[in-house]
Amino acid sequence: MKRLSLLLLFFSSVIIAIAQERKDFDFVIVVDDEFGGISAPSHISLKKDNGETENIKFFYHPGCLSLDMDDYNKLKTFAGKIELHFGWYKHTNGGTRHYFYDIPFDPFEKKLFEASFVVIKIYNLDDKKYKKLYYPLEGKNYNFSLDTSEGIRGLLTKKEIKKLKLKKLWPTDSK
């Protein structure tokens, strides 16, 4: 009985130690109004001004994005461009399609990794519903909005952009 107690204590300590080495975020990714999981490879790119790039692996399940604590500390102090990269499976009547997304964050959006929640909504423009509404990111066939506890990076519709006579909303948007 004493051995069993010691063994349970040991495994509990190991589990607690492993859990403390990760940083978890309340993070939701929605693609075309659907929740789901992402596919590998998934990582966050840290792009320095000199062209060097470092990739940080992350783990995701709906509602939680998880990073190693060392990687989280790098991310917090990083001063360059940050991009989230992941794949997504979409099930349709014609089968399953696999999409890859590169989500760029403007420098002020880096604080999203300090927010109490993050919701990224991605709109595939191969869906006629979204193609009529939104312009794509430059060189991509999708766009996204970002809602956090710190603020919102909304997405104006084509009609709203024309009404406001705007040429370009974000450095990553194309028209």
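The values are calculated or read from the model by the stated rules, or taken from the named source; none is laboratory data. Just so it is clear, the model here is predicted, and its values are computed rather than measured. Cβ coordinates were reconstructed from backbone atoms using ideal geometry, including for glycine residues, and neighbour counts include every protein chain displayed. In case anyone asks, the SASA skips ligands and DNA or RNA and just uses the protein heavy atoms, side chains included. Shrake-Rupley method; radii C 1.70, N 1.55, O 1.52, S 1.80 Å.
Of the residues in the range 138-166, how many are part of a strand (DSSP E or B) and touching a residue at least 24 places away in the same chain (Cβ under 8 Å)?
Of the residues in the range 138-166, the ones part of a strand (DSSP E or B) are 142-148, 151-153.
Now drop any that are not touching a residue at least 24 places away in the same chain (Cβ under 8 Å), which leaves 142-148, 153.
Total satisfying the criteria: 8.
Select from the range 121-152 the residues that are of a type in the set (A, V, I, L, M) and open to solvent by 40 Å² or more (accessible area, probe 1.4 Å) and list them in ascending order.
If the condition is that a residue be of a type in the set (A, V, I, L, M) and open to solvent by 40 Å² or more (accessible area, probe 1.4 Å), then Leu133, Ile152 are the ones that fit.
Residues that are among the aromatic types (Phe, Trp, Tyr) and either more than 12 Å from the chain's Cα centre (by Cα) or not in a strand (DSSP E or B) (or both) were ranked within the range 101-127; the one that is modelled with the highest pLDDT is Tyr123.
Within the range 76-101, work out how many residues are open to solvent by less than 100 Å² (accessible area, probe 1.4 Å), of a type in the set (D, E, K, R) and closer than 30 Å to Asp49 by Cβ. So the count comes out to 2.
Scanning the range 34-47 for residues that are open to solvent by 80 Å² or more (accessible area, probe 1.4 Å) and modelled with pLDDT of 90 or more returns no hits.
Taking the range 20-96 as the region of interest, the strands (runs of 3 or more DSSP E) fully inside it that hold 2 or more residues being within 20 Å of Lys111 (Cβ to Cβ) are 22-31, 38-47, 53-57, 63-68, 81-92.
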